[in-house]
Each structure stands twice: as structure tokens, then as C-alpha cells.
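Scroll down for the structure; my scribbles are underneath it.
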Amino acid sequence: MVSVLVFLMLLGAVAACVFRDLISAVIAAALVSLIASILFYFLQAPDVAMAEAAIGAALTTAIFIVAIRRTDRYEQ
Amino acid sequence: MRKIITILLLSIVAVGISLSLAKIPFGQPKTKVGTRYIDKGIEETGAVNIVTSVVVSYRGFDTLGEVTVLFIAATGLGAVLRIAKTKAAAIEPASFVLQTGCRVLFPLILVFGSYIFIHGHLTPGGGFQGGAIIASAFVLIYLGCREKRISEKMSTTLESLGGVIFVVVGLIGLAVGGYFLLNFLPKGQPYLLLSAGIIPVIYIAIGFKVGSELAGIIDNLIEESQ
Amino acid sequence: MSFLENYAFYIGAFGLILIGLYIILVKHNLIKVIIGLAILDTGVNLFLISIGYITEGTAPIFSGSETNGQQMVDPVPQALVLTAIVIGVAVLALALSLAIRLYHHYGTLNLREIREQKW
């Protein structure tokens, strides 16, 4: 169970490196943050899991999307 | 060329780190400070959540430093982005379902966020998590009802009030006892809402401060970009 | 395979740190570099929490039932990582505001073109 989640997390990180559309790369980084929050729950840390889900997965993605909207969308 | 050098460098770093990681066993108790905080936690601070008592009471000065870093980042962002303004285009309103849904959900999310930072010493949660949830409620308002903006004066007033309450409570501790952030309110019984001395007061101040700060950051970034 | 079971968390955290470092060193779009910084932050926090884990331990919260006799995991790394997550998002917001300012001044976010335009 844990190995499958870790493999998906590393796959998401490689996808964030490879995609050229910046919005897709940001969504892949949000997937990494979400799976890290689930792994924090398996490590018996509920405070940190809640903080990572609220701040890392939601607010970081919102800040990135608003910043990408004010600059270019595709990486040259 | 750059990629080959990078892969070589990272593989050297990887070999070095994995050789030293093999010596750290997974799942063995490693330090003694943690067991001391768990054994004496309830009788010294009165909070049932041990992570809360470590963050606010045993290491309260580090939390003051973190609140300062967040404040500097929000102020710096406001100062940098004040000069780069773009033209404001026409804002088209959202659909009716989205508007109604956002208006219904907004007070519910605020109540949920307040519940999390008020009960920070009893259940998992605390000021930072509750503040982030309140900021998400304001992002929902920007998505649904697009003409509304939070008034900047109220957001900066709430943020400054939260920081000032934190420092004033610490200074009262210095005046009453011997050191900064002394727990001067009565500790009460564990598992009750009004217990653990100054920990609920500090977490309520931090919850307001972090919530209005993150909402102000999003407001500065969105301003005149539509 | 018990090696994989025991060290899966270390491999995950360690892989995230390496991928984050690769993105920062190789890519030449500024927002891609900032995404790599966010992935590096998540990897370091995961590594810190997995150091404090004790096998068959429980969360460090008293609940007034019979689980008080069980051993609890270490609460000190969790308090430090809570601080680190919030500081990570503050640094990210400030870096993105500087990227927006750079875009207004130079018209592009490609680091190679910006370096050539300086002279």
C-alpha cells in the first residue's frame, strides 16, 4: 500500500518536470502534495497532514495559477 | 552538456546520501526529549494535544519567529506588486449556480475554520490549519462572486491585531513571572475547552493573523489581473 | 522485499529531493524552477517526519481511553515541520511576486534570454 503511493508520488514529480504546459505541471505538483499528506497520516502525524493538505495542496496551487495567469502559459 | 553534468553530480550526491541513510534504522526511538515532553506534558501545560504544547508552550519563541517571517513575506509581496499594475478588463459574472453555491458555502467554511483553531489544544488542528481554511473561504468568494473584494483596511487591521495580541501576552508573562511567554492563566482540568492557560488565546490570535494574511496575499496577486 | 517495506518512506522523500534539485538546476523557465523549489520543500518535510516514526506507535494526542498505555511517536519533529510548511508557502509567494515583476520588465521569463539582455 505504501509502496504504491510512493511510486505514484515519484511519477507525479517526474511529470511536473516533463510537461510543457505550466498549468499541467502545477496540477502534478498538487498531486505530489496530496499524496505526501496521505503519507503523513500513515506516519501517525494528523496535525502535519492537515497543514500539508490545506496549505500545500490548496493554497500553493491557487497562488501558482494566479501568477501564471499574469505571465506566459507555455514554457519556451 | 548541462544535463550530463547535473546527472553526474546528482548521482554522486545520491550515493553519498544513501550510504549514510542505511545507518539510520527506520522505526526505532532515537531521542529522549520527545519522551520527556510526552510524560510531563499534561501536568506542565495542561494541553492534551502534545504537538500543540510543543509548538506554543515549550517552543513558543520559534512560533513568534515564524509569524514574523510570514508577516515580512506578505508585506514584501504587497510592496513589490504595487508598482506592476496592468489594465483592468471587463469582468464577466459567474453562472447562477456557482454564485449561489459560493454564497451558501462561505459562512459554513468560516465556522469550520474557527472550530479548528479554537479547539487546537484538544484535537488535531491549531492556528495555522484553521487560518489556511479561512483563507480558502476567501478564495472561493473570489471565484464565485467576482465583483466583491475584501476591504484592505479590515484585513490589515485584523492581521496587526493578531500579532500585537501574541506579543502582549508574552510581555504580560514577563511582567508577572520570570520569563517571556510564561503560562500565567490557570491550567484547569484537561479535556475541557477552557484549560491549558494561554494556549487557546495565542492560537486564536494566530488563526486570525494567518487567515487574513493569506487572504491578503491572494488579493494582492489577483488585483487588476482580470 | 522487507528492505522495500522498511525503507519506502526514505526512498520517497529522497527521490523527491533529487527530482526537485534536478528541476532547479536544469530548467530555464523561472516558474518551472519555482515548482521545483516547492517539490524540494515537500521532500524535506516528508524526510523529517519519517525520522521520528516509531514502529507500532500512535499519534501524540491523549484521548482519555485505554490507548494511553501504548507508545507514542516523537512529537518534536512534527512541531518543526509545521513551522517549515508555513514558511515554505511564504517564500513561494514572495518568489512568485518577484517573477511577475521580472516579466513586466523584460517581457519574457526565459532565464537565458534575460541573461543576454542584461548587457
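The values are calculated or read from the model by the stated rules, or taken from the named source; none is laboratory data. For clarity, every value in this text was computed on a predicted model and none was experimentally measured. Heads up, the Cβs are rebuilt from the backbone with ideal geometry, glycines too, and the neighbour counts pull from every protein chain shown.
Before moving on, here are some points about what is shown:
- Single residue of region A:36-53 satisfying the filter (within 12 Å of the chain's Cα centre (by Cα) and crowded, with 24+ Cβ neighbours inside 10 Å) that is farthest from residue B:123 (Cα to Cα): A:36
- The set of residues in region C:27-51 being more than 22 Å from residue A:57 (Cβ to Cβ) and either buried (at least 20 other Cβ atoms within 10 Å of the Cβ) or under 20 Å from the mean Cα position of the chain (by Cα) (or both) consists of C:27, C:29, C:30, C:51.
- Given (1) touching a residue at least 60 places away in the same chain (Cβ under 8 Å); (2) within 20 Å of residue A:29 (Cα to Cα), number of the condition residue C:97 does not satisfy: (1)
- Checked against (1) among the hydroxyl-bearing types (Ser, Thr, Tyr); (2) more than 30 Å from residue B:1 (Cα to Cα); (3) at pLDDT 90 or above, residue C:22 passes all but a single condition, namely (2).
- The listed residue being assigned to a helix (DSSP H, G or I), under 23 Å from the mean Cα position of the chain (by Cα) and facing another protein chain (nearest Cβ under 8 Å), out of B:79, B:14, B:73: B:73
Every residue, every condition in (1) surrounded by 13 or more Cβ atoms within 10 Å (Cβ to Cβ); (2) within 8 Å of another protein chain (Cβ to nearest Cβ); (3) without any contact (Cβ under 8 Å) to a residue 12 or more places away in the chain; (4) over 17 Å from residue C:33 (Cβ atoms), yes or no:
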{"position": "C:57", "(1), (2), (3), (4)": "yes, yes, no, yes"}
{"position": "C:78", "(1), (2), (3), (4)": "yes, yes, no, yes"}
{"position": "C:90", "(1), (2), (3), (4)": "yes, yes, yes, yes"}
{"position": "C:105", "(1), (2), (3), (4)": "no, no, yes, yes"}
{"position": "C:111", "(1), (2), (3), (4)": "yes, no, no, no"}
{"position": "C:117", "(1), (2), (3), (4)": "no, no, yes, yes"}
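- The residues of region B:49-65 that are surrounded by fewer than 22 Cβ atoms within 10 Å (Cβ to Cβ) and within 7 Å of chain C (Cβ to nearest Cβ), listed by number, are B:59, B:62.
For (1) modelled with pLDDT of 95 or more; (2) under 30 Å from residue B:191 (Cα atoms); (3) touching a helix residue (DSSP H, G or I) at 6+ places or on another chain (Cβ under 7 Å), each residue gets a yes or a no:
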site	(1), (2), (3)
C:27	no, no, yes
C:34	yes, no, yes
C:38	yes, no, yes
C:48	no, yes, yes
C:56	no, yes, no
C:63	no, yes, no
C:66	no, yes, no
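Conditions (1) within 17 Å of residue C:73 (Cβ to Cβ); (2) modelled with pLDDT under 85, marked per residue:
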residue: B:6; (1), (2): no, no
residue: B:9; (1), (2): no, no
residue: B:14; (1), (2): no, no
residue: B:28; (1), (2): yes, yes
residue: B:33; (1), (2): yes, no
residue: B:39; (1), (2): yes, no
residue: B:43; (1), (2): no, yes
residue: B:46; (1), (2): no, yes
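- Some residue of region A:58-68 being modelled with pLDDT of 95 or more, more than 23 Å from residue C:84 (Cβ to Cβ) and in a helix (DSSP H, G or I): no
- In region B:19-48, the residues that are facing another protein chain (nearest Cβ under 7 Å) and either hydroxyl-bearing (Ser, Thr, Tyr) or part of a helix (DSSP H, G or I) (or both): B:21, B:31, B:33, B:34, B:37, B:38, B:42
- In region B:56-70 there is at least one residue that is part of a helix (DSSP H, G or I), of a type in the set (D, E, K, R), within 25 Å of residue B:164 (Cα to Cα) and at pLDDT 85 or above.
- Selection from region C:75-108 of residues that are modelled with pLDDT under 90 and not in a helix (DSSP H, G or I): C:107, C:108
- Once region B:199-226 is narrowed to residues that are among the β-branched types (Val, Ile, Thr) and buried (at least 22 other Cβ atoms within 10 Å of the Cβ), the residue that is farthest from residue B:114 (Cα to Cα) is B:217.
- Residue check for residue C:5: more than 14 Å from the chain's Cα centre (by Cα), over 30 Å from residue B:2 (Cα atoms) and not in a helix (DSSP H, G or I): no
Residue-by-condition table, conditions (1) touching a residue at least 12 places away in the same chain (Cβ under 8 Å); (2) farther than 27 Å from residue B:66 by Cα; (3) small (Gly, Ala, Ser); (4) within 11 Å of chain A (Cβ to nearest Cβ):
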site	(1), (2), (3), (4)
B:104	no, yes, no, no
B:124	yes, no, no, yes
B:138	yes, no, no, yes
B:141	yes, yes, no, no
B:148	no, yes, no, no
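- Tabulated pairs, region A:1-13, first within 10 Å of chain C (Cβ to nearest Cβ), second in a helix (DSSP H, G or I) and charged (D, E, K, R), C-beta under 8 angstrom, 6+ apart or interchain: A:2/C:5; A:3/C:5
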